[in-house]
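Report on the structure given below.
The values are calculated or read from the model by the stated rules, or taken from the named source; none is laboratory data. Bear in mind the structure is a predicted one, so any value in this text is a computation, not a measurement. Reconstructed Cβ throughout: ideal geometry from the backbone, glycine too, with neighbour counts over all protein chains shown. Remember, those area values only see protein heavy atoms, side chains included, never the ligands or the DNA or RNA. Shrake-Rupley method; radii C 1.70, N 1.55, O 1.52, S 1.80 Å.
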Amino acid sequence: MDKGLSRRGLFGAGAAAAAILAGTPATAAARSAMTLRWWGNNGWEIRVGTKTVLIDPWLTRFKTGTYTPAGADPRTPLSVNRALIDGHLDRGFLRADHILVTHGHYDHLTDVPYLAERTGATVIGTETHLSLMAALGAPEDQLAIATGGEDLTFDGYSIRVLRSLHSATGSRAQVAFPGTRTLSRRDRPRVISDLLEGGTLAYAVSGGGASVLNLGGSNYLESELAGLHPDVVLLPPGGAKVTDYVPRLLRTLGHPRWVAATHWDDFDFPLGQVKDAGGLEPLRKAVAAASPGSGFVVLDHLGEFTP
Ligand SMILES: [Zn+2]
């Protein structure tokens, strides 16, 4: 039985197919022992055996207006829906050994301090990310600083931390809420503009005979990715000002077997209500043109995929 589908039913995440696979990869191999589950936005759960790695888990998804013409209201208060998170944790539906933070923005970091407290997971991020999380009350002994370049092996899986770049948007190719802060538990963030980008990290997670790469934003450092051949790349739409965003990336990665869309849903809508913010079809077309042999994966909220 597909555990993901049955449990999705329990949580009312909708009846749509868990995965829509557009195109079969030319070099499909045996299925691995790694399972990926999408928690909406850039939130991913990577399960290998009894171990679980989360990337940018954000279940709360409060309204900010990010995808409206006016854009996100920077004074939007931060909030964490503990009841929602507890519901998943208490039923054993969500656990974590590691939580990997790509950058400090509200749609990536806000839920991590509470998830760290509840799961006991080790949290990886830059000095700024850890500073923001410590000020939000994260258990400080679980925070592990990274700068990019770390190659770490744990029981059953390994994590490669890669230097990366945040999405650059608008005609001036700027980063939203830019900046950094030194490690401190003071000055608790209250509104979304308090959560600074603080540098962006990409992560390659390997285990169970497969590897997956998450960029964290619609940009990357080509030199960091050279020689990396992940089975799956989790790719956000956008990248309009990034030179040859999709073709250069997929060429650098050696045309991965799978490209899974990430960060494409409008998070003004709660978990379980998937609404395309507008980037999905352009992304699908760009991937098909640049790497026709790659399978394009689109998951529903809480949908699963085994590469
Ligand atoms: Zn961001």
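The table below gives the values:
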item: Within the stretch 193-214, considering residues that are within 18 Å of ASP151 (Cβ to Cβ) and touching a helix residue (DSSP H, G or I) at 6+ places or on another chain (Cβ under 8 Å), the one nearest to the ligand (Cβ to nearest atom); result: ALA202
item: Pairs with Cβ under 8 Å, 6+ apart, first in the stretch 148-168 and closer than 10 Å to SER206 by Cα, second within 16 Å of the ligand (Cβ to nearest atom); result: ILE159/LEU100; ILE159/TYR203; ARG160/TYR203
item: Among the candidates ASP187, ASP231, residue that is surrounded by fewer than 18 Cβ atoms within 10 Å (Cβ to Cβ), more than 14 Å from the ligand (Cβ to nearest atom) and at pLDDT 95 or above; result: ASP187
item: Which listed residue is part of a loop (DSSP other than H, G, I, E, B), within 14 Å of the ligand (Cβ to nearest atom) and closer than 18 Å to ASN41 by Cβ, from THR64, THR68; result: THR64
item: Boolean, THR128 is farther than 28 Å from GLY87 by Cα and within 14 Å of the ligand (Cβ to nearest atom); result: yes
item: Selection count, the stretch 265-307, where residues are over 17 Å from THR35 (Cβ atoms), outside any helix (DSSP H, G or I) and open to solvent by 30 Å² or more (accessible area, probe 1.4 Å); result: 11
item: Any chance VAL123 is within 16 Å of the ligand (Cβ to nearest atom) and either among the basic types (Lys, Arg) or open to solvent by less than 20 Å² (accessible area, probe 1.4 Å) (or both); result: no
item: Lone qualifier among ARG75, ARG31 - being modelled with pLDDT under 95, open to solvent by 10 Å² or more (accessible area, probe 1.4 Å) and in a loop (DSSP other than H, G, I, E, B); result: ARG31
item: Failed criterion for LEU115 (all others in (1) away from the ligand (no atom under 16 Å from the Cβ); (2) touching a Pro at 6+ places or on another chain (Cβ under 9 Å); (3) farther than 28 Å from VAL48 by Cβ; (4) assigned to a helix (DSSP H, G or I) hold); result: (3)
item: Residue list for the stretch 157-169, filter: open to solvent by 50 Å² or more (accessible area, probe 1.4 Å) and either in contact with a Pro (Cβ under 8 Å, 6 or more places away or on another chain) or not hydroxyl-bearing (Ser, Thr, Tyr) (or both); result: ARG160, ARG163, LEU165
